[in-house]
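First comes the structure, then the notes that go with it.
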Amino acid sequence: MRPTNLSRRGLGFFSLATATAALLSSSRMAIAADTAKEETFPVTKSPEEWKKLLTPEQFRVLREHGTERAFTSPLDKQYAAGNYHCAGCNTLVFTSDTKFNSGTGWPSFWKPVDKGIGTSVDRSFFSVRTEVHCANCGGHLGHVFDDGPKPTGLRYCMNGVAMTFASGDKTAPAKS
């Protein structure tokens, strides 16, 4: 006896959707691992060492290329004068001078500090985006898009959990 609300086609679609989601998840991890292997950074640590330094959410975002949920980071609404550093190694990546409210739910900036970030191609989830990572440790910070304000026209959409905020000296030393 077959339930009336579940056809073979519906069951097939559900199975395909489940398999696709599993494939996307494993592809994302493989892409993140490949990116990390291709480039070397001044600060390198084993996954176990990173796990001792970072919260579970910071590790997921910075080291596994995750994304925090929109509107969950206190840094999204942080507009005091100061500096944003990589949460993994304390490298200065952005200043409050270039922060703006994009309305996306993530801290957004129109320009990074010189030599603070690097970029790479992110081909996950059937799209091509520009990933932003810390130039010092390679930690995944977010993505950059071309829909930002003047003068650059760029929107660096960052994961707040991947950064820390501090007022003061722009040249704070990096963690080693």
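Okay, here's what the table says:
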{"item": "Summed residue charge, Cβ within 12 Å of residue 99's Cβ, Lys/Arg positive, Asp/Glu negative", "result": "+1"}
{"item": "Which of 108, 96 has the fewest Cβ neighbours within 10 Å, and the rest in rising order", "result": "96, 108"}
{"item": "Relative contact order computed over the stretch 49-176 (Cα-Cα under 8 Å; 6+ residues apart), in percent", "result": "30"}
{"item": "Ranked list, fewest to most other Cβ atoms within 10 Å of each Cβ, for 97, 146, 122", "result": "146, 97, 122"}
{"item": "About the Cα centre, charge dipole magnitude for the stretch 69-142 (Lys/Arg +1, Asp/Glu -1 at Cβ), debye", "result": "100"}
{"item": "Summed residue charge, Cβ within 9 Å of residue 108's Cβ, Lys/Arg positive, Asp/Glu negative", "result": "+1"}
{"item": "Sequence of 155, 69 once ranked by neighbouring C-beta atoms within 10 Å, starting from the fewest", "result": "69, 155"}
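Each reported figure results from applying straightforward, stated rules to the coordinates on display, with no laboratory input. In this text, all values refer to a predicted model and were calculated from it rather than measured experimentally. Because the Cβ atoms are built from the backbone with ideal geometry, glycine has one as well, and the counts that use them run over all protein chains shown.
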